[in-house]
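Visitor: I'd like to ask you about the structure that follows.
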Amino acid sequence: MGTLSVAVNLPFKPEPVDTTIDFYRDIESSALYKMLPANAKEYVKASPHLLEYLHTFPVNTYGIPLFLSELKKDLRSMKSPNIIYPVNETTFVHILPDPDDVRNFYIPIEPSFLHSVSQMMPAIETKLIDLIDGLEEDPISDKERAEVIKKMLANVAVIKPKNMDIAQLVGSGAGQQDLKTKLTTFLNTDFSAKDKMSKVKKKFQVPTTPDGKVILTDQEYRAIEYLLVRDKIDMGVLKPFLSDSYIEDISCDGVGPIFIEHKIFKGLKSVIEFKISSELDEFVVKMAERIKRPITYRNPVIDATLLDGSRINIVYGTAISRHGSNFTIRKVNEVPLSILNIVDSGGIDYISAAYLWICVEYGMSLFVSGETASGKTTLLNAITAFIPPENKIVTIEDTPELNVPHRNWIREVALAKGKGEGGGASGEVSMFDLLKAALRQRPNQILVGEIRGVEGAVAFGAMQTGHPVMSTFHAASVEKLIQRLCGDPINIPKTYVDNLNLVVIQSAVKRPDGNLVRRMISINELVGYNPETQGFTFVQMFTWEPVSDTFVWSGKGSSFLLENKIATMLGIPDSRKAEIYQEVEKRAKILERLHKAGYVKFWDLFHMMTKIKKQGLLTIGA
């Protein structure tokens, strides 16, 4: 992606930087450095541009920021956060309060943050193009491309040594000599004549060595190296946001700031802004090209997946978006959340997770249902760890989000917007088509990213033929779910609905302290359809109690699935059916012990559960 002139609108007036401090070679001469806590000193030693930023920050007004290596949930209650945390090796984020708005500031601190190198970039890029023409290696991955760019930059640019006059490095040609003379004059005079210096910079090329290398300061070199990788290989100005694991959603509503939904600090506004509509249009066009989904005035809306798996929606142009082009990104976790991560956040408890474990293991079909951004896909992905490790799984999605831990996994994604045989253009493959194909692939389990159309009929057909199906669904209650299933465009016959065994209702709710949290509201067993009353019978097995923020096993002792399906599969006689409830409690204790033992991460938990199963500890009565 090309470099764009995106504005940085800082919420404070930057302090003048002390030019006598060499931030890259002599940071200990800085009085501010000496005031920093030990962990902050380590950060600025590795990333001197962070100290440079702190010198522009009005410490006397706000105080020295709190430096944290990771953010804890208890920070959510902080009313005026002044916190800096690392995003990766080169980028940091500063969270700063805004007393006049409910959204605080999100300030990405990048190596290029305080340095405008736009005048040098054309010369650098021209020289790089000459090198690329003679490049023998053919880098494939983004990491390889980044390394090649860094090597090429080292061949076309040089860092000015400390205490060496720039005039000593420039070339000796006639044009260069003239430039050298003028630069020497300006370097030995007062720089307050900014407009005069600006004219000289525009009139003459950037200084180069006799062998043609561009002469840069430490700061300029690091800024250019960072920008080349960020804008040519990564996602441009979005890189710090996409790298931040604490961000859930990124949105640009048009000309103006980029907005953030943060896992800890909730709604934030970035200091990165698009000031001009044409710049925003250019950015979204290049972003669409980067993900190989070109956008035009004739095709102004696209839904796609970024390279890291995040979902993106782009709307192009003012014809349909009056504030200008806009985009929204729903980030995915690099490592999926495990069921114990969700227990940690209070989204579910051990006993309800154990109930889902035994139901999923023994082939019950379930939907995780709820409203937008309620955590449906996160919970669905977490409970895939309960599927027996030897099973063959087929996942079918519009946008690839599910990440299951099983080795025998076929991952299929619908192609473009067409509906194929299910109702659309030829040459394109729909969810409907993929679900039909999945039935021929002999899966033990079918996972559908979301059911919302004619593919629902195939999913219920799969359930009827003995293929367990798990999916997400947009409905806030069991009643609304059934209404949607039986209405257009899904049109499931009412007598088929009870092929679905479980409905888990998920929601984003507000706690008494005002914090928005995601909770499993209820787990419901669908028992059957009564044609006389034209009603459905379902039993709430677990419910969430909002006052105490706890879960109640309201259906204990009356589970249709446990007693009449799973117990029957296991050969448990009627006289001993109470044992099936003991099995749920046993598995709850196993989850709790695994949690205390530190097996919380998704992959670690799955591997340990596989070992437990292999040792026979999940056998009824073991």
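The values are calculated or read from the model by the stated rules, or taken from the named source; none is laboratory data. Everything quoted here is computed from the prediction, not taken from an experiment. Glycine also receives a Cβ, built like all others from the backbone with ideal geometry; neighbour counts cover every protein chain displayed.
Visitor: Please specify each residue of segment 234-264 satisfying the condition of being surrounded by fewer than 21 Cβ atoms within 10 Å (Cβ to Cβ) and either in a strand (DSSP E or B) or more than 15 Å from the chain's Cα centre (by Cα) (or both).
Guide: Of everything in segment 234-264, those that are surrounded by fewer than 21 Cβ atoms within 10 Å (Cβ to Cβ) and either in a strand (DSSP E or B) or more than 15 Å from the chain's Cα centre (by Cα) (or both) turn out to be G236, E248, D249, S251, D253, G254, V255, G256, P257, F259, E261, H262.
Visitor: Identify all residues within segment 547-558 that are in contact (Cβ under 8 Å) with a residue 40 or more places away in the chain, buried (at least 17 other Cβ atoms within 10 Å of the Cβ) and either out of contact with any strand residue (DSSP E or B) (no Cβ under 9 Å at 6 or more places or on another chain) or assigned to a loop (DSSP other than H, G, I, E, B) (or both); write none if there are none.
Guide: Scanning segment 547-558 gives a single hit, W553.
Visitor: In addition: Applying the selection to segment 112-138, what residues are part of a helix (DSSP H, G or I) and more than 34 Å from the chain's Cα centre (by Cα)?
Guide: Within segment 112-138, A123, T126, K127, D130, L131, D133 qualify.
Visitor: Restricting to segment 304-343, name every residue that is at pLDDT 95 or above and over 18 Å from D249 (Cβ atoms).
Guide: The answer is Y316, S338, I339, L340, N341, I342, V343.
Visitor: Are there any strands (runs of 3 or more DSSP E) wholly within segment 302-407 with 2 or more residues that are assigned by TED's automatic domain parsing to the domain that holds E583, and if so which? Even if it seems obvious, please write down each step before you answer.
Guide: On the way: elements: 311-315, 326-330, 366-370, 393-397.
Filter on segment 302-407 gives 366-370, 393-397.
Visitor: For segment 34-67, what are the residues that are free of Cβ contacts under 8 Å to residues at least 24 places away in the same chain and either closer than 21 Å to T20 by Cβ or loosely packed, with under 15 Cβ neighbours inside 10 Å (or both)? Let's see the steps before the verdict.
Guide: Keep residues of segment 34-67 that are free of Cβ contacts under 8 Å to residues at least 24 places away in the same chain, which gives 34, 38, 41-42, 44-45, 54, 60, 63, 66.
K34, A38, K41, E42, V44, K45, L54, N60, G63, listed by residue number.
Visitor: Let me ask something else. Quick check on my filter: what residues within segment 15-71 are within 20 Å of V93 (Cβ to Cβ) and of a type in the set (S, T, N, Q)?
Guide: N39, S47, T56, T61, S69, listed by residue number.
Visitor: For segment 603-622, how many residues are part of a helix (DSSP H, G or I) and not hydrophobic (A, V, I, L, M, F, W, C)? Can you show your working first?
Guide: Taking segment 603-622 and keeping what is part of a helix (DSSP H, G or I), we get 603-614.
Checking which are not hydrophobic (A, V, I, L, M, F, W, C) leaves us with 604, 607, 610-611, 613-614.
Selection size over segment 603-622: 6.
Visitor: For segment 568-602, which positions are assigned to a loop (DSSP other than H, G, I, E, B), more than 39 Å from the chain's Cα centre (by Cα) and of a type in the set (V, I, T)?
Guide: Here is the first cut: in segment 568-602, the residues assigned to a loop (DSSP other than H, G, I, E, B) are 570-573, 577-578, 597-601.
Now drop any that are not more than 39 Å from the chain's Cα centre (by Cα), which leaves 570-573, 577-578.
Listed by number, the list holds a single entry, I572.
Visitor: State the number of residues belonging to segment 89-123 that are among the polar types (S, T, N, Q) and either modelled with pLDDT of 95 or more or more than 22 Å from K232 (Cα to Cα) (or both).
Guide: Within segment 89-123, the first condition is being among the polar types (S, T, N, Q), and the residues that meet it are 90-91, 104, 112, 116, 118-119.
Cutting the leftovers down to either modelled with pLDDT of 95 or more or more than 22 Å from K232 (Cα to Cα) (or both) gives us 91, 104.
Of the residues in that region, 2 qualify.
Visitor: I need the helices (runs of 4 or more DSSP H) fully contained in segment 4-82, keeping only those with at least 2 residues that are closer than 20 Å to P111 by Cβ.
Guide: Passing ranges, in order: 31-35, 38-46, 48-56.
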